[in-house]
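The values are calculated or read from the model by the stated rules, or taken from the named source; none is laboratory data. Quantities reported herein were computed from a predicted structural model and do not represent experimental measurements. For neighbour counting, all protein chains shown are included, and Cβ atoms are generated from backbone atoms with ideal geometry for every residue, glycine included.
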Amino acid sequence: MKKILLAGNAITAEILCAYLRQDARYEVAGLTVDDEFVAQGGLGEFRTVGLSAVADAFSPDTHRVIMAMGYNDLNRAREAMFERLRSMGYGVETYIHPDARVYTDQPVGEGSVVLPGAVIEPYARVGANTMVWSNVTLAHHCSVDDHCWVAAGTVVSGQAKVLRNTFLGVGCTVVNAITVGEFNVVGAGALISRDTKSHSVHLARSAEPFRYSSEDYVKHFGI
């Protein structure tokens, strides 16, 4: 059983901890964050240690790290923590939940997290320190680069490319052979059917109220 230090002390850490409690491969020993965030979160039963003191509390010789931070600043904060922990000698675990389905022969990148229901098809590639949330499909021959966040229900189609530090929102779709530029924000439900420029934002139009009431809609159109 591997002793695990979670890098993070907020909601992502809480979710990952719930999964890890049911995973016999791992034992969570504690949490680490930048020193200024120690008092701003935590999980009751686990000690949160600032980065300046973490090596004394949880030795890199006996503990590995799972990245449990969110996507703040287009994953730059997550990237910075990933690099600092590696420089301190910690091994950063690639966590693949037992209920994920990984069929690619390409190794999932160091420090990436793949949650239940995700499907990674043959020949797909996932870079380092990338979050692949539940029920995501990464189709054949696609690639998702380092330090990305792929939210629940997203589909990245065959041969598509998602470049580094990009956020893909809940239920968005990237069409076949499209390239999503680095540092992009793609909103929930958006459809990306053309290549995008770096540092660009693509939001789906929010659902607007229909002119009929729900009762009239059912009466006239059925449901």
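Before moving on, here are some points about what is shown:
- On the stretch given as the stretch 175-192, residues that are closer than 14 Å to residue 142 by Cβ, out of contact with any Gly (no Cβ under 8 Å at 6 or more places or on another chain) and not hydroxyl-bearing (Ser, Thr, Tyr) total 4.
- Members of the stretch 57-76 found to be under 22 Å from the mean Cα position of the chain (by Cα) and surrounded by fewer than 17 Cβ atoms within 10 Å (Cβ to Cβ), listed by number: 70, 72, 73, 76
- In the stretch 110-144, the residues that are within 16 Å of residue 15 (Cα to Cα), surrounded by fewer than 21 Cβ atoms within 10 Å (Cβ to Cβ) and either of a type in the set (Gly, Ala, Ser) or modelled with pLDDT under 95 (or both): 117, 134
- If you go through the stretch 160-189 and keep only what is more than 21 Å from residue 117 (Cβ to Cβ), surrounded by fewer than 23 Cβ atoms within 10 Å (Cβ to Cβ) and not polar (S, T, N, Q), you end up with 161, 163, 164, 175, 177, 178, 181, 182, 183, 185, 187.
- Complete set of residues in the stretch 91-120 that are in contact with a strand residue (DSSP E or B) (Cβ under 6 Å, 6 or more places away or on another chain) and either acidic (Asp, Glu) or within 20 Å of residue 75 (Cα to Cα) (or both): 91, 92, 93, 95, 96, 108, 109, 110, 111, 112, 113, 114
- Selected residue (criterion: nearest to the chain's Cα centre (by Cα)) from residues of the stretch 96-119 that are of a type in the set (Gly, Ala, Ser) and under 20 Å from residue 6 (Cβ atoms): 112
- Residue list for the stretch 86-97, filter: more than 25 Å from residue 136 (Cβ to Cβ) and crowded, with 19+ Cβ neighbours inside 10 Å: 90
- Residue match in the stretch 178-186 (condition: under 21 Å from residue 80 (Cβ atoms) and hydrophobic (A, V, I, L, M, F, W, C)): yes
- Total residues in the stretch 119-142 satisfying the condition of being out of contact with any Ser or Thr (no Cβ under 6 Å at 6 or more places or on another chain) and closer than 19 Å to residue 187 by Cα: the figure is 7.
- Residues that are surrounded by fewer than 24 Cβ atoms within 10 Å (Cβ to Cβ), touching a strand residue (DSSP E or B) at 6+ places or on another chain (Cβ under 8 Å) and free of Cβ contacts under 8 Å to residues at least 24 places away in the same chain within the stretch 145-159 comprise 155, 157, listed in sequence order.
- Within the stretch 35-56, the set of residues being surrounded by 15 or more Cβ atoms within 10 Å (Cβ to Cβ) and either of a type outside the set (Phe, Trp, Tyr) or assigned to a loop (DSSP other than H, G, I, E, B) (or both) comprises 38, 41, 42, 43, 46, 48, 49, 50, 51, 54, 55.
- Any hit, the stretch 201-214, residues being within 14 Å of residue 161 (Cα to Cα) and outside any strand (DSSP E or B): no
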